[in-house]
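Okay, so here's the structure we're looking at.
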Amino acid sequence: MEKIYAHPQSLYNVSSHYCAGCGHGIAHRLVAEAVDELGIREKVIAIAPVGCAVLAYDYWNFDCTEAAHGRALAVATAIKRVRPDNVVFTYQGDGDLAAIGTNETIHTANRGENLTVIFINNAVYGMTGGQMAPTSLIGQKTATTLKGRDPALQGYPLKISELLAQLPGVKYVERVALISPAEINKARQAVLLALRNQIEGVGFSLVEMLSPCPTYWGMSAQAAMGWIKETMIKEFPLGRIK
Amino acid sequence: MINVHIDGQRCKGCYLCIAVCPRKSLGVAAVLNKKGVKPVEFKKGAECIGCRFCATMCPDCCIEIEKE
Ligand SMILES: Cc1ncc(C[n+]2csc(CCOP(=O)(O)OP(=O)(O)O)c2C)c(N)n1
């Protein structure tokens with residue numbers, strides 16, 4: 001029997017708490033597959049965010065810790081400096097990385113720490129009930145923008161990846177979308193490169209994943225994938241930013 | 001012969017896999033699982049070409065594929 005697709009070793013064989021069709025499950029699997037492929041399961045240390053992925057350590061079969069909301073990159077800095085031979089990555093939502101944690105995100109990137117960031121952009125605060133995130137689109141209805149995000153009141157969708165790419169300490173930034181087998185395979189390659197960069201000492205690497213939240217977008221899983229493709233990508237174009 | 005194993009108890013019924021199968025070999029089971037959703041099943045007599053699209057889409061890692 002030859003396995004054409006086998007469950008990754010770096011992912012526990014358990015059911016997750018994520019909603020049906022949630023992109024976090026796809027992202028967790030991609031990270032696990034990349035860790036397996038690079039053979040670094042015993043070397044990797046993940047920092048889980050506050051947000052829907054707060055329990056990532058229940059799913060990844062490697063060392064994980066958890067940081068206060070938004071502070072994952074500060075914790076990652078400390079761990080990487082103390083244990084430079086480990087491969088340290090953060091996994092953060094848009095509320096975590098681009099709202100409450102903006103300070104830690106920008107300064108860690110600006111210091112050019114040799115870290116890897118997996119950034120899940122689902123355009124809402126999932127864990128707390130679908131409130132507006134900095135990445136919510138103009139006109140997007142959320143629990144706190146009932147008539148849709150209005151730039152006059154709430155500003156514009158924050159393109160934190162483009163902002164970070166301006167910093168000399170940042171070496172690799174790519175935006176991918178978890179919407180189809182082809183795009184998910186590109187996302188897997190991006191995760192591999194972002195981890196490889198750290199192993200080779202290249203420096204701060206970030207992969208932003210446009211990721212569906214069917215529950216708080218009020219759509220079926222299939223429609224959520226369509227919304228990313230038709231609407232979200234227009235605001236957040238895919239591809240290598242740096 | 002290629003076998004598709006679907007963990008029907010873990011399936012949450014997002015059906016993203018059904019939409020991407022190029023041979024339309026996946027369908028919805030008649031009976032609810034423990035989560036209370038009708039899980040995905042491999043249709044009787046259907047064909048699998050081993051493209052992995054279903055396993056690549058599945059957010060819950062419910063699908064394994066084997067070649068005999
Ligand atoms: C200091 C602090 N402030 C606020 C919260 C409440 N809180 C928990 S998760 C969250 C937002 C999470 O959104 P995001 O990072 O986009 O992740 P998602 O849940 O969408 O994956 C907030 C505001 C908190 N836990 N701690």
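The values are calculated or read from the model by the stated rules, or taken from the named source; none is laboratory data. Not measured: the values here are computed from a predicted model. Virtual Cβ from ideal backbone geometry, glycine too; neighbours counted across all protein chains shown.
Only one residue in A:Arg41, A:Arg83 is away from chain B (no Cβ under 14 Å), touching a residue at least 12 places away in the same chain (Cβ under 8 Å) and either within 16 Å of the ligand (Cβ to nearest atom) or in contact with a helix residue (DSSP H, G or I) (Cβ under 9 Å, 6 or more places away or on another chain) (or both). Which one?
A:Arg41
Identify all residues within region A:105-126 that are hydroxyl-bearing (Ser, Thr, Tyr) and away from the ligand (no atom under 16 Å from the Cβ); write none if there are none. Quick ask: steps written out before the conclusion?
Residues of region A:105-126 hydroxyl-bearing (Ser, Thr, Tyr): A:105, A:108, A:116, A:125.
Correct list: A:Thr108, A:Thr116.
Evaluated against (1) more than 7 Å from chain A (Cβ to nearest Cβ); (2) without any contact (Cβ under 8 Å) to a residue 60 or more places away in the chain; (3) crowded, with 21+ Cβ neighbours inside 10 Å, B:Thr56 falls short on exactly one condition, (1).
Selection of first residues in region A:125-136 that are within 14 Å of chain B (Cβ to nearest Cβ) and at negative phi and of second residues that are among the aromatic types (Phe, Trp, Tyr) and more than 6 Å from the ligand (Cβ to nearest atom), restricted to Cβ pairs under 8 Å at least 6 apart or on distinct chains, gives the following pairs, ordered by first then second residue: A:Gly126/A:Tyr216.
Might you let me know whether region A:188-195 holds any residue that is within 15 Å of the ligand (Cβ to nearest atom) and of a type outside the set (Val, Ile, Thr)? Within region A:188-195, none of the residues are within 15 Å of the ligand (Cβ to nearest atom) and of a type outside the set (Val, Ile, Thr). With respect to B:Ala19, determine if the residue is hydrophobic (A, V, I, L, M, F, W, C), facing chain A (nearest Cβ under 7 Å) and in contact with a Phe, Trp or Tyr (Cβ under 8 Å, 6 or more places away or on another chain). In short, no. When you scan region A:137-150, do you find a residue that is closer than 19 Å to A:Gly93 by Cα and either buried (at least 24 other Cβ atoms within 10 Å of the Cβ) or in contact with a Phe, Trp or Tyr (Cβ under 6 Å, 6 or more places away or on another chain) (or both), even just one? No, because not a single residue in region A:137-150 is closer than 19 Å to A:Gly93 by Cα and either buried (at least 24 other Cβ atoms within 10 Å of the Cβ) or in contact with a Phe, Trp or Tyr (Cβ under 6 Å, 6 or more places away or on another chain) (or both).
Screening the candidates A:Leu55, A:Leu73 for the property of being aliphatic (A, V, I, L, M), in contact with an Asp or Glu (Cβ under 6 Å, 6 or more places away or on another chain) and in contact (Cβ under 8 Å) with a residue 24 or more places away in the chain yields one hit, A:Leu73. Of the listed requirements (1) within 16 Å of the ligand (Cβ to nearest atom); (2) under 24 Å from A:Cys213 (Cα atoms), A:Val75 misses just one: (2). Listed by position, the helices (runs of 4 or more DSSP H) enclosed by region A:126-216 that each have at least 3 residues that are within 18 Å of A:Ala27 (Cα to Cα) and modelled with pLDDT of 95 or more are A:181-199.
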